[in-house]
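So the structure is just underneath, and the comments pick up after that.
The values are calculated or read from the model by the stated rules, or taken from the named source; none is laboratory data. Note that this is a predicted model, so its numbers are computed, not measured. Note that each Cβ is placed from the backbone with ideal geometry, even for glycine, and that neighbours are counted across all protein chains shown.
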Amino acid sequence: MNRTVKISLERPDQSDVAVLIDDLDAYQKPLYPAESHHGIDMAALLQPNVMFAVVRDDAGVAIGCGALVLNADYGELKRMYLRPQHRGRGLAQALLEFLEVQAAARGCHCYALETGIHQLSAITLYERAGYLRCAPFGAYAPDPLSVFMSKSAGEPSPS
C-alpha cells in the first residue's frame, strides 16, 4: 500500500499533536539529566515567532512534528519527532526541509539546533541535511551531553 503524508503548519496545542510532544519528552527525559534537557513547553510553542509543523498520514493521524523558532539572526529547530514506526521512510528529512522552506520564505536562511549525544539517528539526519557541528549558540552553555549544529544558506552562523 502506498501511504502518503501531509506536512503543514498547525497549532501545537491540538490534543493529538500534544501527545506527540509528550511522547518525545517520555523518550528524551530518561536519556539526560534535567539540566541537559532543552525542550520548550507548549506556551513557548504557541508564540508568534514559532512555526510548528505536523506530519499526518493519509488517514489524518498526527505521526510527527517539528518547530522552528525564528530569532533575529537565525531559526532554531526544536521538538523534531517522528513516531518510531514511521521512521526510515524519509519523513523526518521531508519535515526538516518543509521547516527550512517555510523559514526561508520568512527571510530566515540560517538554522541552528541542539540535540543530545544519545540521539544518533537525529545527528545523522542533520548531517545528511548539511548541518555542521558548531559552538553553543544563543543562551546555550557548553554541555558534554549536547551536540550543537548549524546550517547556513549564505548567512553567518549564529553565535
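Tallying residues that are over 22 Å from S8 (Cβ atoms) and assigned to a strand (DSSP E or B) within the stretch 100-159 yields 14. Of all residues in the stretch 21-58, those that are more than 27 Å from G90 (Cβ to Cβ) and in a helix (DSSP H, G or I) total 8.
Applying the selection to the stretch 11-56, what residues are crowded, with 16+ Cβ neighbours inside 10 Å and of a type in the set (D, E, K, R)? The one that is crowded, with 16+ Cβ neighbours inside 10 Å and of a type in the set (D, E, K, R): R56. Take the conditions (1) within 13 Å of the chain's Cα centre (by Cα); (2) surrounded by 15 or more Cβ atoms within 10 Å (Cβ to Cβ); Y74 misses just one of them, which is (1).
With within 15 Å of the chain's Cα centre (by Cα), within 21 Å of V5 (Cβ to Cβ), surrounded by 20 or more Cβ atoms within 10 Å (Cβ to Cβ) and touching a residue at least 60 places away in the same chain (Cβ under 8 Å) as the only criterion, which of Y81, Y126 stands out?
Result: Y81 is the single residue among Y81, Y126 that is within 15 Å of the chain's Cα centre (by Cα), within 21 Å of V5 (Cβ to Cβ), surrounded by 20 or more Cβ atoms within 10 Å (Cβ to Cβ) and touching a residue at least 60 places away in the same chain (Cβ under 8 Å).
Report yes if some residue within the stretch 9-20 is assigned to a strand (DSSP E or B), under 19 Å from L95 (Cα atoms) and modelled with pLDDT of 95 or more; otherwise report no. Yes - at least one qualifying residue is present in the stretch 9-20.
Checked against (1) under 15 Å from the mean Cα position of the chain (by Cα); (2) within 17 Å of Q85 (Cβ to Cβ); (3) modelled with pLDDT under 95, V55 passes all but a single condition, namely (3).
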